[in-house]
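Participant: One structure, as structure tokens, below. Some questions next.
The values are calculated or read from the model by the stated rules, or taken from the named source; none is laboratory data. Every value quoted in this text rests on a predicted model; they were computed, and no experiment measured them. Cβ atoms come from the backbone with ideal geometry, glycine included; neighbour counts cover every protein chain shown.
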Amino acid sequence: MTTSAKTPAITETTFNNVSGLVGKIDAIKADSKANSAIINSHKMSAYAEIVGAVAMDAQANGKFVRGYGSKLKEALKTEGGIADATAKRLAENSVNAVTLIVQVCNRDLDDTFAGSNDFAAVAHHVLTVELGCTTEAKLVAKIKDMRGGSTDKVETLARKIVGHYGKTTNKDTGATSVNKKVFINGLSDDELDAFEARIEELRVVRAEFASASAAAVAAEEAKKSENDAIAAADDALASAA
């Protein structure tokens, strides 16, 4: 395992394989959604190629030293001929995928790849079978879960109103941690008081509306029952005549 950033030692074969797979993806995108399964397969194969090539450069905890992700992106771009945005996405998700293998699958990298002549095949199995990442979207979701998950709309709104602690982000791995030395304010204290008062006012309006709606439904049901009773009485009179 390495302790300092180095240029990823990826062979020309790997660059050619990844570049070829990205080329296939770009070509298939022009077709219908029926090809989505093929696209997903190529994407995960591309990730497996990269993960298999770089995994042994990671530290024991599955993370890479500072600067590695940037060098990997640049290598994919310059040596692999891959577009900048695609190279950035592949590099970021691949280094995080290695962390997933160690921290989520609880796999030792030396043991995982020991004795294999095809690291890409091993990586593909771990990613798609053990982690269940059969699509890039699922891989990204797993990465988000590893970092603590994405915030829901209630949490997002609460943070905008009250505020929240800041975060420190590793530029290479994308891993984040809470920084309790920084607090990002939402509303000011006066605005927060006004907001809470307005919430109480609107809760009353909401309750009144709900009550009125319930009363309207009850009245409609009562009217329907009355009409049904009248209709039944008319039927009875008609039958007796």
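Participant: Of the residues that sit in region 44-68 and are touching a Ser or Thr at 6+ places or on another chain (Cβ under 7 Å) and under 24 Å from residue 20 (Cα atoms), which one is surrounded by the fewest Cβ atoms within 10 Å (Cβ to Cβ)?
Facilitator: My answer is 57.
Conditions (1) surrounded by fewer than 10 Cβ atoms within 10 Å (Cβ to Cβ); (2) over 30 Å from residue 163 (Cα atoms); (3) at pLDDT below 85, marked per residue:
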{"site": "191", "(1), (2), (3)": "no, no, no"}
{"site": "195", "(1), (2), (3)": "no, no, no"}
{"site": "214", "(1), (2), (3)": "no, yes, yes"}
{"site": "219", "(1), (2), (3)": "no, yes, yes"}
{"site": "231", "(1), (2), (3)": "no, yes, yes"}
{"site": "238", "(1), (2), (3)": "yes, yes, yes"}
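Participant: Sticking with this structure for a sec: Restricting to region 96-151, count the residues that are assigned to a helix (DSSP H, G or I), polar (S, T, N, Q) and more than 22 Å from residue 67 (Cα to Cα).
Facilitator: Start the filter on region 96-151 by keeping residues that are assigned to a helix (DSSP H, G or I), which leaves 96-103, 109-113, 119-130, 136-146.
If we keep only those that are polar (S, T, N, Q) too, we end up with 96, 99, 103, 112, 128.
Imposing the further condition that a residue be more than 22 Å from residue 67 (Cα to Cα) reduces the set to 112, 128.
Counting residues in region 96-151 that are assigned to a helix (DSSP H, G or I), polar (S, T, N, Q) and more than 22 Å from residue 67 (Cα to Cα) gives 2.
Conditions (1) touching an Asp or Glu at 6+ places or on another chain (Cβ under 6 Å); (2) touching a residue at least 12 places away in the same chain (Cβ under 8 Å); (3) in a helix (DSSP H, G or I), marked per residue:
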{"residue": "44", "(1), (2), (3)": "no, yes, yes"}
{"residue": "47", "(1), (2), (3)": "no, yes, yes"}
{"residue": "56", "(1), (2), (3)": "no, yes, yes"}
{"residue": "66", "(1), (2), (3)": "yes, yes, no"}
{"residue": "72", "(1), (2), (3)": "no, yes, yes"}
{"residue": "75", "(1), (2), (3)": "no, yes, yes"}
{"residue": "85", "(1), (2), (3)": "no, no, yes"}
